[in-house]
Amino acid sequence: MNMQQSITVRGKDRYKSGVMEYKRMGYWEPNYEPKDTDVIALFRVTPQDGVDATEACAAVAGESSTATWTVVWTDRLTAAEKYRAKCYRVDPVPNSPGSYFAYIAYDLDLFEPGSIANLTASIIGNVFGFKPLKALRLEDMRLPVAYVKTFQGPATGIVVERERLDKFGRPLLGATVKPKLGLSGRNYGRVVYEALKGGLDFTKDDENINSQPFMHWRERFLYCMEAVNRAQAATGEIKGTYLNVTAATMEDMYERAEFAHEIGSNIVMIDLVIGYTAIQSMAKWARKNNMILHLHRAGHSTYTRQRSHGVSFRVIAKWMRLAGVDHIHAGTVVGKLEGDPNTTRGYYDICREDFNPMQLEHGVFFDQHWASLNRLMPVASGGIHAGQMHQLLDLLGEDVVLQFGGGTIGHPRGIQAGATANRVALEAMILARNEGRDYVHEGPEILAKAALSCTPLREALDVWKDVTFNYESTDAPDFIPTPSMAV
Ligand SMILES: O=C(COP(=O)(O)O)[C@H](O)[C@H](O)COP(=O)(O)O
Ligand SMILES: [Mg+2]
């Protein structure tokens, strides 16, 4: 379809009062060649029945940049041709009648430097509610280097995080404290101590633990830091606990983060639901205060899970790398929550590589240069256990935090045993990998052998051996990428 001619109305007729199709107003420019400095968005557009596909895609370009529903003469007071976003390519989604991939280019000057709030107010601002569309999904974005460079990027980054923790050559291990709600500060601190002493590197507040009547935040922070200090003294290793500073206001979050810093924490945590501006503020605070910043993607599945509507998590991952968090939950593939293997691989690459080549089978539609922004540590969490260690290492690699909440705290012999089981399983798998063994296929054997001299691991394997979460993914591509889809 992109070989079509432009049908933009030009000259005086363009600005006559009245309603004009978006594709005639200049939002469909099939011959436009995106500039290196353009921001490019790829939308999956599903027009209402009877709506022309090109017009629907042009409308998305229009409503996410300069247009409204009618011609306005004030366009003539601006460099309208430059500021109009241009849909330059529309492809039917293979095997999905009625849906189209729309490629839209935006001039860099449409965006305030360094502001995710400003970027998103355009790209996902109004368009998702536009009546002529049945559904709309933001699949991917190409962020030009000139724009990437206006962001801080991860406050600490993977390299410095590993240096501060003095941990190399293996994934980091963590656990989310369970139950999520209801523990007193003192009991909560005991869970943290036991998990860290048993062999984990990190423990973590859950997404919804802030400052409730059963445990106010200061109490939690104090007991947690006592636990960290005691576990460090007992093991000789550096430990951390993600203190969730998510709160109702920025002032409250700064107060909690300052306190965490004052009592010696090396990491704080926020939830995605605090919003993009608050995330960027906390990232700046984290860099200034030498803190690692953990982001829990609480809420994302409300808009990332469905193929035809919402925002792909790969786009959220890109925005969060710009925004400057150090950790981001990015899926486990084998655990309890949505995660197609190839799609998840794409998220991990976005977090960890300095350059992402286009890789359609991983859902990555564009080459993306990260211009030396720090690398962002992905976090695998949600229904994982020691028996999956070979799969986790194979699927997710080495620069990742593996978080076993239930898979530590639910151990039949207690929390320390649960932590030891995970640490021994991980070290056995790393050793096997480093020895050049085919650890993916020999994984169960490697674990069984390690369990001969580690009762906690044997018990973990016995209790969870049959636990799998095999459901169909809702976000795996429903099309087979074809070479013609390459940009
Ligand atoms: O509490 C947990 C996991 O607990 P458990 O280890 O007991 O299952 C986290 O909130 C989820 O992992 C979030 O999901 P995601 O990481 O996909 O965002
Ligand atoms: Mg949770």
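The values are calculated or read from the model by the stated rules, or taken from the named source; none is laboratory data. As the structure is a prediction and not an experimental result, all values here were calculated from the model. Note: accessible area is taken over every heavy atom of the protein model, side chains too, but ligands, DNA and RNA are not part of it. Shrake-Rupley method; radii C 1.70, N 1.55, O 1.52, S 1.80 Å.
If contacts are Cα pairs under 8 angstrom and at least 6 residues apart, what is the relative contact order of the chain in percent? Dividing the mean separation by the residue count of the chain yields 15 percent. Once you have a ≥ b ≥ c as the square roots of the Cα gyration tensor eigenvalues for the chain, tell me rounded if a/c is under 1.5, and otherwise prolate or oblate according to whether a/b is larger than b/c. Taking the square roots of the gyration eigenvalues as a ≥ b ≥ c, the chain is prolate. Semi-axis lengths, largest first, of the ellipsoid equivalent to the range 69-196 are 44, 22, 18 Å, with √(5λ) applied to each eigenvalue of the Cα gyration tensor. Within the full protein context, the accessible area of V333 is estimated at about 30 Å² for a probe radius of 1.4 Å.
Cα-Cα pairs above 13 Å in the range 187-248: how many percent?
Values: 1057 of 1891 pairs.
That tail contains 56 percent of the Cα-Cα pairs.
Over the range 20-127, what relative contact order in percent results from Cα pairs under 8 Å that are six or more residues apart?
Working: 170 pairs, mean separation 38.0, N = 108.
Here the relative contact order equals 35 percent.
Could you work out [θ]222 nm for the chain from helices alone, using -39500 (n - 2.57) per DSSP H run of at least four and dividing by all its residues? Round to the nearest 500 deg cm²/dmol. Kindly include the intermediate steps, with their values, before the conclusion.
Numbers: 18 runs with 181 residues, N = 487.
Mean residue ellipticity, 222 nm, calculated: -11000 deg cm²/dmol.
With protein chains left intact and a 1.4 Å probe, residues in the chain average 40 Å² of accessible area per residue. Once you reduce the range 391-430 and the range 228-242 to the center of their Cα atoms, the two points are 17 Å from each other. Applying a threshold of 28 Å to the alpha-carbon distances of K16/K86; K149/K288; K288/K318; K23/K149; K167/K449 flags K23/K149 as lying beyond it.
DSSP bridge analysis restricted to the range 196-324 gives an antiparallel fraction near 10%, rounded to the nearest 5. Largest accessible area first, the listed residues H441, H261, H216 line up as H441, H216, H261 when surface is computed with a 1.4 Å probe on the assembled protein chains. Here the accessible area is traced with a 1.4 Å probe on the protein chains. For the chain, carbon and sulfur cover 51 percent of it.
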